[in-house]
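The values are calculated or read from the model by the stated rules, or taken from the named source; none is laboratory data. Only a predicted model underlies this, so the values are computations on that prediction, with no experimental measurement involved. Heads up, the Cβs are rebuilt from the backbone with ideal geometry, glycines too, and the neighbour counts pull from every protein chain shown. SASA here: full protein model, heavy atoms, side chains in, ligands and nucleic acids out. Shrake-Rupley method; radii C 1.70, N 1.55, O 1.52, S 1.80 Å.
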Amino acid sequence: MLAVTCTSQSADDPLSGLTVGDRPDPAAPAGWARVTVKAASLNHHDLWSLRGVGLPADRLPMVLGCDAAGVDEEGHEVVVHGLVGDPDWTGDETLDPKRSILSERYQGTLAEQVVVPKRNLLPKPSGLSFEEASCLPTAWLTAYRMLFTQAAVQPGDRVLVQGAGGGVSTAAIALARAAGLVVWVTGRDEAKRSRALELGAHEVFEPGARLPARVDAVLETVGKATWSHSMKSLRPGGTLVVSGATTGADPSADLNRLFFLQLRVIGSTMGTREELACLLRLLEATGVRPQVDEVIPLSDARRGFERLAAGDVVGKLVLTP
Ligand SMILES: NC(=O)c1ccc[n+]([C@@H]2O[C@H](COP(=O)([O-])OP(=O)(O)OC[C@H]3O[C@@H](n4cnc5c(N)ncnc54)[C@H](OP(=O)(O)O)[C@@H]3O)[C@@H](O)[C@H]2O)c1
């Protein structure tokens, strides 16, 4: 089968380890299902793997990709939940110490086929295209959990989303708007800020700009470049939810502000199968859909990776076998 594989890793030149070519068809162990992939979206996670972050070198070659939509062996249209954990784990599977994301321990989704535990398959709503559905299990699920589980925002709350065009950011903007929040967004360039307004932001700002008022919650995936602004933007008792550190993971902790204003800082990673099911229902009920920047043939995956690495994207890049 055709697949996009990480064959070597380089922190400075991640795309040097990207191979698009033939791989053996995967075998499905007992209790696992084979999915014919119709669409799979790119995530920043794929770049981290190529840089050698989160993917040990002794697991290479590794098919990249954390999420997909496709058709299972019975012909059902499915969305693939990308968290694989211990089959005996009960409760919130994001807290399972043995859990991994597809492409970390098990081969990923940027391929013509992927095998996953049967419980990782959810029915794809008919109103969502395969391309749209393939955006949901990583970026959109992460944004969903950050907003509704971790920040636990209420309609009318004010939320700041750091970053305008990213996969998680665009999801957070659309979901927050659909949930009745006041949505403020920072973006690095004018074009992306205008797109954020189209996606549902009420107001947009340059990174680091002084806001007209403090916010109830901040959704942070940028890391060092925006952390200090995130801390300063919160009202007393406000909540900062962080799920990524694209620009660096060692910002100043700002402890004085943290305790004096009784801020809450909460880490968040992916989401549960149940949260993914809720997200699917939310999209069906509201008509909100992922922003797909471009659909690219799997054979041309390198171009997609180049765009992702350049930060030249608003929403999601989707690969189709
Ligand atoms: N923990 C988890 O489960 C989880 C899940 C998904 C993602 N993540 C992590 O979250 C991060 C974002 O993922 P993604 O897939 O959304 O990535 P992405 O699509 O590449 O988006 C990157 C975002 O970062 C912003 N950004 C980059 N450099 C910046 C800078 N110097 N200053 C200000 N903003 C900057 C961009 O803002 P502009 O739009 O303004 O350019 C964009 O919104 C990644 O680090 C990823 O690994 C974690």
(request) Could you let me know the centre-to-centre spacing of region 247-291 and region 94-159, using Cα atoms, in angstrom? (result) 13
(message) Per 0.36 nm of contour for each residue apart, how much would the distance between L15 and A178 grow if the chain were fully extended, relative to their Cα-Cα spacing?
(response) 55.1 nm
(message) Which of the three applies to the chain, rounded, prolate or oblate, going by the alpha-carbon gyration tensor with a ≥ b ≥ c and a/c under 1.5 meaning rounded?
(response) prolate
(request) Before rounding to the nearest 500, sum -39500 (n - 2.57) across all DSSP H runs of length at least 4 in the chain and divide by the residue total; then give [θ] at 222 nm in deg cm²/dmol. (result) -7000 deg cm²/dmol
(request) At a Cα cut-off below 14 Å, give the aspartates and glutamates reachable from K192, other chains included and same-chain residues fewer than 8 away excluded. (result) E203, E206, D293, D312
(request) Excluding residues fewer than 8 places away in the same chain, name every one of the lysines whose C-alpha is closer than 25 Å to that of K118. (result) K38, K98
(request) Using a 1.4 Å probe and ignoring any ligands, DNA or RNA, find the accessible area of H202 and quote it in Å² to the nearest 10. (result) 80
(message) Once you place label points 7 Å from the Cα toward the Cβ at A209 and V71, how far apart are they in nm?
(response) 4.7
(request) List every residue whose amide H lies under 5 Å from the amide H of A39, counting only residues 5 or more places away in sequence or on a different chain, with H placed 1.01 Å from N in the peptide plane. (result) A69
(message) Quick one: 3J(HN,Hα) in Hz for region 76-85, Karplus 6.51/-1.76/1.60 with θ = phi - 60°, rounded, Gly and Pro as x.
(response) 7, 7, 9, 10, 9, 7, x, 8, 10, x
(request) With springs connecting C-alpha atoms under 10 Å apart, model the chain as a Gaussian network and identify which of D72, D254, D189 has the largest mean-square fluctuation. (result) D254
(request) Using 0.36 nm per residue of separation minus the Cα-Cα distance, give me the extension gain between A245 and V53 in nm, one decimal. (result) 67.9 nm
(request) Mind checking the per residue accessible area of region 45-146 for me, 1.4 Å probe, whole number of Å²? (result) 37
(message) Cut-off 10 angstrom, C-alpha nodes, Gaussian network model of the chain. Which of T226, T272, T90 fluctuates the most?
(response) T90
(request) Whenever you get a sec, compute what percent of the accessible area on region 192-301 sits on carbon and sulfur atoms (1.4 Å probe). (result) 51
(message) If I model a spin label as a point 7 Å beyond the Cα along the Cα-Cβ vector, how far apart are those points for T90 and S299 in nm?
(response) 5.0
(message) Can you compute the FRET efficiency between T286 and S194 using 1/(1 + (r/R0)^6), with r the Cβ-Cβ distance and R0 = 22 Å? Round to the nearest 0.05.
(response) 0.45
(message) Ranking request for peptides 20-32, 277-289: highest mean number of other beta-carbon atoms within 10 Å first, then the rest in descending order.
(response) 277-289, 20-32
(message) Please report the carbon-and-sulfur percent of the accessible area for region 87-127; probe 1.4 Å, protein heavy atoms only, DNA, RNA and ligands left out.
(response) 52
(message) Can you work out the Karplus-derived ³J(HN,Hα) for every residue in region 245-251? Use 6.51 cos²θ - 1.76 cosθ + 1.60 with θ = phi - 60°, whole Hz, and x for glycine or proline.
(response) 9, 4, 9, x, 10, 10, x
(request) Can you spot the lysines whose alpha carbon is less than 18 Å from K224's alpha carbon? Ignore those fewer than 8 places along the same chain. (result) K232
(request) Taking 7 Å along the Cα-to-C-beta vector as the label spot, tell me the H202-A152 distance in nanometres, rounded to one decimal. (result) 2.2
(request) State whether region 218-303 is rounded, prolate or oblate according to the following rule on the C-alpha gyration tensor (a ≥ b ≥ c being the square roots of its eigenvalues): a/c under 1.5 gives rounded; otherwise a/b larger than b/c gives prolate, and the remaining case gives oblate. (result) oblate
(request) With both partners inside the chain, how many of the DSSP beta bridges are antiparallel, as a percent to the nearest 5? (result) 55
(request) Using +1 at the Cβ of each Lys and Arg and -1 at the Cβ of each Asp and Glu in region 34-134, identify which of V71, S126, V114 lies farthest towards the dipole's positive end. (result) V114
(request) Determine ³J(HN,Hα), in whole Hz, for all residues of region 277-289 in sequence, where each value follows from phi through the Karplus function 6.51 cos²θ - 1.76 cosθ + 1.60 and θ = phi - 60°; x replaces Gly and Pro. (result) 4, 5, 4, 4, 5, 4, 5, 4, 6, 9, x, 5, 9
(message) Given contacts defined as C-alpha pairs under 8 Å and at least six residues apart, what's the relative contact order of the chain, whole-number percent?
(response) 19
